[in-house]
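To start, the structure under review is shown below, and the notes come after it.
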Amino acid sequence: MDQIKWWQDAFVYQIYPLSFCDSNNDGIGDIPGIISKLDYLKKLGVDVIWLSPVYSSPMDDNGYDISDYYQIDPLFGTMDDFIKLLHEVHLRGMKLIMDLVVNHTSDEHHWFQESRKSIDNPYRDYYVWRDVPTAITSVFSGSAWELDPQTSQYYFHLFSKKQPDLNWDNPDLRNEIYQMINFWLDQGIDGFRLDVIDLIGKDIDHFQLCDGPFLDQRLQEMYEACFKGRDVMTVGETPCLSASRVRDVTGGSAPLLNMVFQFGHVGLDEVPGQGKWNLKKLDIVELKRYFKHMQTSLYQTGWNSLFWANHDQPRAVSRYGNLQYRYESATMLATVLYGMQGTPYVYQGEELGMTGVSYTSLDQFKDIETHNMVKEKLALGWSMNDIMTAIYAKGRDNSRSPMQWDSSPYAGFSYVAPWMDVNPNYQEINAEHEQESIRSVFHYYQELFQIRKSSETFTKGSFELLEETHPFLFIYKRVNENHTLLVIGSFSDSIQSLLVSLPTNGKWLIQNQDIFSTNQHTSIPPYFAGIYEYKNRE
Ligand code: NOJ
């Protein structure tokens, strides 16, 4: 690999603005609130902030339904606030990327308002209209087609009814999007996270939706029109791309996207082919094999991102860890994930070991996906008990509860009741407490990212999975010319013994607790994590 690019060893922190910090006491997070926490992010070691959407939106899908790409929603502040945020981020030597949601808009976007007026409106072809619906279903339940009474045609929406899909076959629409992208890049932002971008090449009439036949040519066109010649980073949300397709898109000297988000690892607790709500026990061997596949397939030929959680995924420590061992399992998850090759992403609160929510009343859940799913599953005969079990395990609101800053009422997120209830464990789990304690998830993250920066092996080294069939231990090597990093993580609440010893010519770079090793065997405590570095030859 050539020289490391800034976005390859950057540590990216995702902010979900609604739930990060409320500065004006309306119960909703906002941009001035984010500005007030930049020193905290700098202290943690963040290099890049990814801001989930802050554009004008009726908030049907919490901002992923945009009604004006050129405006900041008043809930979050003003354009001046945004420019100030960007300036303050840059002042601290960090970078800022925005969310780019261009598979669809809100139905309140003026393009759609025009489009629905008549079949010969100039904006009609900005969206997808048909006389007869097909069998395609929406990600948020029900048909993907909605009859619009004004013209008696159906419009297409892969997400909520209030998120009509844009018609990427239309060159005028594409040019409008490129103009908008350039507008934001010209403000000085440092790149984009591209929402469900593998949908923009779809051929709806032939049921080819994700990774559709036109994807590469459209990404190429976007690259030429917007990103070429600019030192910005792009990360595409691409659930459908296989490893070899990730290579096509992120490999080579002028990649169409710098990296992608792949979701294979977070789908392993679902019954294959039955959607996210049909739960299956995670098999650690399967998880390791997935990572091995991605790590080896992209080595020197593409680039991936490393994440457990985001605003769509449940909190990692509740999902893969063990709350009896919250510190150990949160730090173990960080170690095994960020020890691999790829750009690391942390979702707000993950650095505190924040946990998922167990609200008892459905009203406490806010996510449209969850509410649609409840209706759908009840109609299919699911019991309320099974529905709640699925929501606790997979609901998106798990990660959307307000950030826990301190132990004051509403967790220091706001002085008033927030738009979504705070997790009741905020008095124990919060940023103030984590920063004060010596043994905390926060400090472990800080140290882990410093260590990651100190050795190129994390970015360049090859990957070799060890103990592949062990049901609890995730052990792998990262190997560079001179050094090897041995990464060890245990997904078990009991001691695991291995008949191997650690090489004597090395040292622990980081550990979440002590490990016991003789020259014959190593005994690994519950949820142990550590990275051991040794020289390849004496
Ligand atoms: C993916 C986003 O991450 C999710 O939150 C959103 O609901 C869909 N795309 C639609 O924009």
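The values are calculated or read from the model by the stated rules, or taken from the named source; none is laboratory data. The structure presented is a predicted model; accordingly, all values stated were derived computationally and were not measured. For neighbour counting, all protein chains shown are included, and Cβ atoms are generated from backbone atoms with ideal geometry for every residue, glycine included. Surface areas here come from the heavy atoms of the whole protein model, side chains and all, with no ligands, DNA or RNA. Shrake-Rupley method; radii C 1.70, N 1.55, O 1.52, S 1.80 Å.
The residue pairs whose first member lies in segment 191-219 and is aromatic (Phe, Trp, Tyr), whose second member is assigned to a loop (DSSP other than H, G, I, E, B) and at pLDDT 95 or above, and whose beta carbons are closer than 6 Å, counting only pairs six or more residues apart or on different chains, are PHE214/GLY201.
A Cβ distance below 6 Å, combined with a sequence gap of six or more or placement on separate chains, defines the contacts here; from segment 432-451, residues that are outside any helix (DSSP H, G or I) reach residues that are not small (Gly, Ala, Ser) in the pairs SER440/GLU434. For segment 487-512, a residue qualifies if it is free of Cβ contacts under 8 Å to residues at least 60 places away in the same chain, open to solvent by 50 Å² or more (accessible area, probe 1.4 Å) and assigned to a loop (DSSP other than H, G, I, E, B), and the qualifying residues are SER494, ILE495, LEU499, VAL500, SER501, THR504. For segment 85-111, filtering for residues that are hydrophobic (A, V, I, L, M, F, W, C) and more than 16 Å from the ligand (Cβ to nearest atom) leaves 7. Restricted to segment 341-355, and to residues there that are of a type outside the set (Val, Ile, Thr) and in contact with a strand residue (DSSP E or B) (Cβ under 6 Å, 6 or more places away or on another chain), the residue that is farthest from ILE97 (Cα to Cα) is GLY342. For segment 384-399, filtered to residues that are in contact (Cβ under 8 Å) with a residue 60 or more places away in the chain and in contact with an Asp or Glu (Cβ under 7 Å, 6 or more places away or on another chain), the residue that is most open to solvent (accessible area, probe 1.4 Å) is ARG396.
Listed by first and then second residue, the pairs with beta-carbon distance under 6 Å, at least 6 apart or on different chains, first residue in segment 513-538 and assigned by TED's automatic domain parsing to the domain that holds VAL487, second surrounded by fewer than 13 Cβ atoms within 10 Å (Cβ to Cβ) and aliphatic (A, V, I, L, M), are HIS521/LEU499; SER523/ILE495; PRO525/ILE495. Taken together, ARG400, ARG315, ARG326, ARG396 contain a single residue that is away from the ligand (no atom under 16 Å from the Cβ) and closer than 27 Å to ILE15 by Cβ, which is ARG326.
Against the numbered list (1) open to solvent by 20 Å² or more (accessible area, probe 1.4 Å); (2) touching a residue at least 12 places away in the same chain (Cβ under 8 Å), LEU166 comes up short only at (1). Looking at segment 12-130, the helices (runs of 4 or more DSSP H) lying wholly inside it that each contain 3 or more residues that are modelled with pLDDT of 95 or more and open to solvent by 60 Å² or more (accessible area, probe 1.4 Å) sit at 38-44, 79-91.
Among the residues of segment 452-467, those that are assigned to a loop (DSSP other than H, G, I, E, B) and over 30 Å from GLU434 (Cα atoms) comprise GLY461, GLU467.
Return yes when SER358 is open to solvent by 70 Å² or more (accessible area, probe 1.4 Å) and either within 30 Å of GLU436 (Cβ to Cβ) or acidic (Asp, Glu) (or both) and no when it is not.
Details: open to solvent by 70 Å² or more (accessible area, probe 1.4 Å): yes; either within 30 Å of GLU436 (Cβ to Cβ) or acidic (Asp, Glu) (or both): yes.
So SER358 passes the test.
For segment 304-314, the set of residues classified as part of a loop (DSSP other than H, G, I, E, B) and either open to solvent by 10 Å² or more (accessible area, probe 1.4 Å) or of a type in the set (Ser, Thr, Tyr) (or both) consists of ASP312, GLN313, listed by residue number.
Within segment 146-163, the set of residues being open to solvent by 30 Å² or more (accessible area, probe 1.4 Å) and either under 24 Å from ASN62 (Cα atoms) or of a type outside the set (S, T, N, Q) (or both) comprises GLU146, LEU147, PRO149, TYR154, LYS161, LYS162. Taking the criterion of being open to solvent by less than 50 Å² (accessible area, probe 1.4 Å), touching a Gly at 6+ places or on another chain (Cβ under 9 Å) and not aromatic (Phe, Trp, Tyr), the residues of segment 210-247 that qualify are ASP211, GLY212, LEU215, ARG218, LEU219, VAL232, MET233, THR234, VAL235, ALA243, VAL246. Of everything listed in (1) in contact with a Cys (Cβ under 6 Å, 6 or more places away or on another chain); (2) open to solvent by 30 Å² or more (accessible area, probe 1.4 Å); (3) within 16 Å of the ligand (Cβ to nearest atom), the single unmet condition for ASP198 is (2). Filtering segment 139-159 to residues that are farther than 12 Å from ARG116 by Cβ, polar (S, T, N, Q) and either more than 16 Å from the ligand (Cβ to nearest atom) or in contact with a strand residue (DSSP E or B) (Cβ under 9 Å, 6 or more places away or on another chain) (or both) leaves only SER143. Of all residues in segment 334-359, those that are of a type in the set (S, T, N, Q) and assigned to a helix (DSSP H, G or I) total 1. The condition of being within 15 Å of PRO17 (Cα to Cα), in contact with a Gly (Cβ under 9 Å, 6 or more places away or on another chain) and away from the ligand (no atom under 13 Å from the Cβ) holds for only one of PHE76, PHE82, that being PHE76.
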